[in-house]
Amino acid sequence: MTISFRAPGEYQQCSGALDRLGQAVLKFGGKAVLAGTEGSLKRYGGRILDQCRPGELEIRPVTVGRETTQAEIDRLAASFREAGAEVMIGLGGGKALDTARAAADAVNCPLILVPTVASNDAPCSALSVIHDGEGAVIELRRTRRNPDLVLVDTAVLMDAPARLLIAGMGDALATWFEVSACRQSGAETLAGAPPSDIAVSLAHLCYESLKKYAVGALHAYEAGIVNDDFERLVEATIFLSGVGFESGGVAAAHAVNDGFSACPEASHLYHGEIVGFGTLAMLMLQGESDTVVQEVVSFMKTVGLPMTFEQLNIIPEESLLLRVAKVACTQSVMKNMPFPVTEHDVVRALLKADIVGQKALTEEN
Ligand SMILES: [Zn+2]
């Protein structure tokens, strides 16, 4: 038996963490490149560059494009080499972090990631999603190492739109169910072995934390105050879900996401929103007990995750559902399910999920 687990070298999360970034960089070197989108550099770059000390800590900002393409990765790696930098810092949402991670891998340097949104669980992982110029996914690149540090400023996450925070909960909602499926099937995870007990227990904790802290966290978000519930929720969506999926595996919920992502009709949706609905569809595929389904839909309803085609703003035409199912069934992660899944099963599960979602929405609280 092989036990394997991957995680970032260090994870730090608190309100105001951004002001500790300079000190953190110095542990790895005195010269860094700060890679971020124009928006995130404009918003937070000044606060980071103020921490520079001549002769001790130099940080050169480099603007990266909106898509993680090979050209962007090469350009960032070239800027890094040209600056004689020792440390790569990625600042922003999923794509900016993916570009920084892939470029750091290309130059083989220490990597610090600073997410400015909590919309998905990718920051802690060693996975970069590479796109072509049109935005289509062309490669899931596994980098050699996980980030040396993931630094999360919860006050910064408060500045992001609520929809992104809620999408992050959708991505995290899938983790426990997908890891459980992988554990049952013995699927090999990104850590290179079937889910370890460490990953399974962290995935379970992720689900428990979501249920326990989401409501309090949303109230805190509305009030604009970082409280313990908000901190715990972010710990679940960024850290627990991140290490959970990487060493515990993904399955049907993400296969469904890949199916929708391949269709232009779903391009307005965030990863976590589709994965949330994909989780519900996965429970239908599994013929999950009513108790579990009700617990999940009640969570989705409470936090405002879309659970019907109408809420997703998608017209469930047969041709679309078939295209989604076709792509979903060709994904290797669909094979992580403990039973074979056909296109017909997926279409039926999607329609069933929609019905369950509709029913939950019309029910009294
Ligand atoms: Zn995901």
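The values are calculated or read from the model by the stated rules, or taken from the named source; none is laboratory data. Note that this is a predicted model, so its numbers are computed, not measured. Backbone-built Cβ (ideal geometry, glycine too); neighbour counts: all protein chains shown. Ligands, DNA and RNA are stripped out before the accessible areas are found, and what is left, the full protein with its side chains, is counted by its heavy atoms. Shrake-Rupley method; radii C 1.70, N 1.55, O 1.52, S 1.80 Å.
Structure above, values below:
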| quantity | calculated |
| --- | --- |
| Alpha-carbon Rg/Rh ratio, for the range 162-362, with Rh computed the Kirkwood way | 0.95 |
| Convex hull of Cα atoms in the chain, direction-averaged projection (nm²) | 17.2 |
| Cα convex hull of the range 98-228 - mean projected area over all directions, nm² | 9.2 |
| Carbon plus sulfur fraction of accessible area for the range 226-276, probe 1.4 Å, in percent | 48 |
| For the chain, size of Cβ-based charge dipole, Lys and Arg +1, Asp and Glu -1, in debye | 720 |
| Residue-wise HN-Hα coupling along the range 321-329, computed from phi with Karplus coefficients 6.51, -1.76, 1.60 (Hz; x: Gly, Pro) | 4, 5, 5, 4, 5, 5, 5, 4, 6 |
| Furthest towards positive pole of dipole, Val296, His131, Ala252, structure part the chain, Cβ charges | His131 |
| Which listed pairs, of Lys301/Lys352; Lys212/Lys301; Lys212/Lys359; Lys95/Lys212, have C-alpha distances above 22 Å, in listed order | Lys212/Lys359; Lys95/Lys212 |
| Net charge contributed by nearby residues that have their C-beta within less than 12 Å of Gly242 (K/R +1, D/E -1) | -3 |
| Two-decimal Rg to Rh for the range 11-158 - Kirkwood Rh, Cα set | 0.93 |
| Highest-MSF residue in the chain out of Leu320, Leu151, Leu165 [GNM, Cα springs under 10 Å] | Leu320 |
| Sequence of Val87, Val356 when ordered by accessible area, the most exposed leading, probe 1.4 angstrom | Val356, Val87 |
| With every protein chain in place, the range 11-158: carbon and sulfur % of accessible area (1.4 Å) | 48 |
| Bins of 10 Å from zero: percent of alpha-carbon pairs in the range 74-146 | 21, 54, 24, 1 |
